[in-house]
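Read the structure below first, then the notes.
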Amino acid sequence: MSAQTHMRREVLEIPAAVDALLTKGASSIEAAANALRAADPLFMISVARGSSDHAATYFKYACELVAGIPVASVGPSVSSIYDRELSLSRCACLAVSQSGKSPDIVRLAMMATSQSALSIALTNHTDSDLARVSTHTIDLHAGAELSVAATKTFVTSAVSAIWLLAEWQKDTILLQALHALPEMLEHATQMDWGALGAEITSRQSLFCLGRGPVLAISNEAALKFKETCQLHAESYSSAEVLHGPVSIVDQEFPVIALTAADQAETSLVEVADQIAGKGASVFVTSDQATHAASLPCVRTAHPLLDPISLIVSFYAMVEQVALSRGINPDEPRHLKKVTETI
C-alpha cells in the first residue's frame, strides 16, 4: 500500500481548495445570494445524499441560526420514485452533489425549478445535469478528487453553503472569518488525534456525538468510519444519546464528541463527561471536560466555521485508522466514486 494515499493527499489539499474557492467563486456566490435576497423565501429545502447531505445539514443549522429561515431535507424519492410534486412557492431549494449526476437528486431539483422555486446547485461539475436543471450553479472549485471517500468536496460544499448564507444575509463578521479560513484549515490538518485513533483501531463499534451545526460533522464522521475503516459508527445529537442509545455503552466503549466554541459546547461536554463516568472511553474537542479526554483542535474566527476545522482534523486521523486496520481508504469495499440512485 502506498505510503501516501489519495485520501491523505486530498486532505492536505483542503486548505488550498478552500482558498481557490474563495478566490474564484465570488461571482456565482453573489449572483445566488442576490437572487435569494430578491426571492425572500419563507423556507428552504435541501436535496442531497451521503456526504453532500451532511453538508446540507450543516447549512440547515447555520441558516436557521443566522437567517431565521427553516430548512427541511426532502427525500428525492418523493419525486423520482413516487412521482409527486410539492408546493414550493416562496421556497428556495439547495441541491448538493459532488458529481451532479444522480438521477433522483436531479429529478427533485428539476421539480423545484418547475414549481418556481429558486433552485441552487452546489457541485464540482458545472456541466452536469444538476447544473442544467437549476436556476443558479455554484462551482465547488475542489479540483480532481480521486479517493472514493469525499473530503475536499465535502469541505468545499460546506464552505460554499456557509459563504452563500453569509453573502445573502450580508453578515460581515462571518464573511471576514471565511477569508481567514484557509490558514486555519492548514493548522487543522496537523492536529494530533493519535490517542483517539489508537483507542479505536481494534474496535468494531463507536458513537459520534454533536449538536447544532456540529451534528452534521458528527454524521459525516460516522459515515467515514464505516466507509474507510469498516467500523460500525453511529451519530447522535448529544441531546438524544441519553434517550436510549447510551444503553449499549459498556467499559471502554469509544465515543468521539465534537463541539464548536458555541452555546452548545457546555451541554455537550456535560454529556461527554456523563458517558465517560459510565466507563466509556470518551474524547471531546473541548478543554472544558473533567472526565472525557480532550482532543486538540483549531478554533476559527467564527463559531459557525469551527465545524469545518473539526472535520479536517478528523479526516487526517481517520485515514490513519484505516491504514492501521489494514484497509486502503481510497477503495472502500462495495463502493465507487459516483453513486447514481433513482
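The values are calculated or read from the model by the stated rules, or taken from the named source; none is laboratory data. Because the structure is predicted, anything quoted here is derived from the model rather than measured. Virtual Cβ from ideal backbone geometry, glycine too; neighbours counted across all protein chains shown. Heads up: the accessible areas ignore ligands, DNA and RNA and are worked out on the full protein's heavy atoms, side chains in. Shrake-Rupley method; radii C 1.70, N 1.55, O 1.52, S 1.80 Å.
Residues that are farther than 29 Å from Lys170 by Cβ and open to solvent by 30 Å² or more (accessible area, probe 1.4 Å) do occur in the range 91-101, at least one of them.
Taken across the range 179-190, residues that are touching an Asp or Glu at 6+ places or on another chain (Cβ under 6 Å) and modelled with pLDDT of 95 or more do occur, with at least one present. Here's a check for you: in the range 1-32, which residue that is surrounded by fewer than 17 Cβ atoms within 10 Å (Cβ to Cβ), assigned to a helix (DSSP H, G or I) and among the hydroxyl-bearing types (Ser, Thr, Tyr) is nearest to the chain's Cα centre (by Cα)? The selected residue is Thr23.
Inside the range 216-234, residues that are farther than 19 Å from Ala195 by Cα and open to solvent by less than 30 Å² (accessible area, probe 1.4 Å) make up a count of 3.
Okay, residues lined up against (1) over 27 Å from His187 (Cβ atoms); (2) of a type outside the set (D, E, K, R); (3) modelled with pLDDT of 95 or more; (4) surrounded by 21 or more Cβ atoms within 10 Å (Cβ to Cβ):
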{"residue": "Leu258", "(1), (2), (3), (4)": "no, yes, yes, yes"}
{"residue": "Thr266", "(1), (2), (3), (4)": "no, yes, yes, no"}
{"residue": "Gln288", "(1), (2), (3), (4)": "no, yes, yes, no"}
{"residue": "Phe314", "(1), (2), (3), (4)": "no, yes, yes, yes"}
{"residue": "His334", "(1), (2), (3), (4)": "yes, yes, no, no"}
{"residue": "Glu340", "(1), (2), (3), (4)": "yes, no, no, no"}
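What do you reckon, is Ala35 open to solvent by less than 30 Å² (accessible area, probe 1.4 Å), within 14 Å of Ile138 (Cβ to Cβ) and in contact with a Leu (Cβ under 6 Å, 6 or more places away or on another chain)?
Criteria met by Ala35.
Considering the conditions (1) modelled with pLDDT of 95 or more; (2) in a helix (DSSP H, G or I), Val246 is excluded by exactly one of them, (1). Within the range 1-60, the set of residues being touching a Pro at 6+ places or on another chain (Cβ under 7 Å), closer than 26 Å to Ser79 by Cβ and of a type in the set (A, V, I, L, M) comprises just one member, Val47. Residues that are touching a His at 6+ places or on another chain (Cβ under 7 Å), part of a helix (DSSP H, G or I) and farther than 18 Å from Arg299 by Cα occur in the range 209-220; there is at least one. Filter the range 72-115 for residues that are among the acidic types (Asp, Glu) and part of a loop (DSSP other than H, G, I, E, B); which is farthest from Tyr61 (Cα to Cα)? So, considering only residues that are among the acidic types (Asp, Glu) and part of a loop (DSSP other than H, G, I, E, B), the one farthest from Tyr61 (Cα to Cα) is Asp83. Reported count of residues in the range 183-206, each being outside any helix (DSSP H, G or I) and surrounded by 13 or more Cβ atoms within 10 Å (Cβ to Cβ), is 7.
Of these, Ile138, Ile173, Ile120, which one is modelled with pLDDT of 95 or more, open to solvent by 50 Å² or more (accessible area, probe 1.4 Å) and of a type in the set (A, V, I, L, M)? Give the steps one after another, and end with the answer.
Working: Ile138 fails: open to solvent by 50 Å² or more (accessible area, probe 1.4 Å); Ile120 fails: open to solvent by 50 Å² or more (accessible area, probe 1.4 Å).
Within the list Ile138, Ile173, Ile120, the selection yields Ile173.
Checking the condition surrounded by 20 or more Cβ atoms within 10 Å (Cβ to Cβ), without any contact (Cβ under 8 Å) to a residue 60 or more places away in the chain and in contact with a strand residue (DSSP E or B) (Cβ under 6 Å, 6 or more places away or on another chain), which residue from Ala56, Ala109, Ala72, Ala48 passes?
Numbers: Ala56 fails: without any contact (Cβ under 8 Å) to a residue 60 or more places away in the chain; Ala109 fails: without any contact (Cβ under 8 Å) to a residue 60 or more places away in the chain; Ala72 fails: surrounded by 20 or more Cβ atoms within 10 Å (Cβ to Cβ).
Matching residue, one of Ala56, Ala109, Ala72, Ala48: Ala48.
Could you say which residue among Ala272, Ala322, Ala301 is more than 24 Å from Asn124 (Cα to Cα), of a type in the set (Gly, Ala, Ser), open to solvent by 60 Å² or more (accessible area, probe 1.4 Å) and touching a residue at least 60 places away in the same chain (Cβ under 8 Å)? After ruling out the rest, the residue left standing is Ala301.
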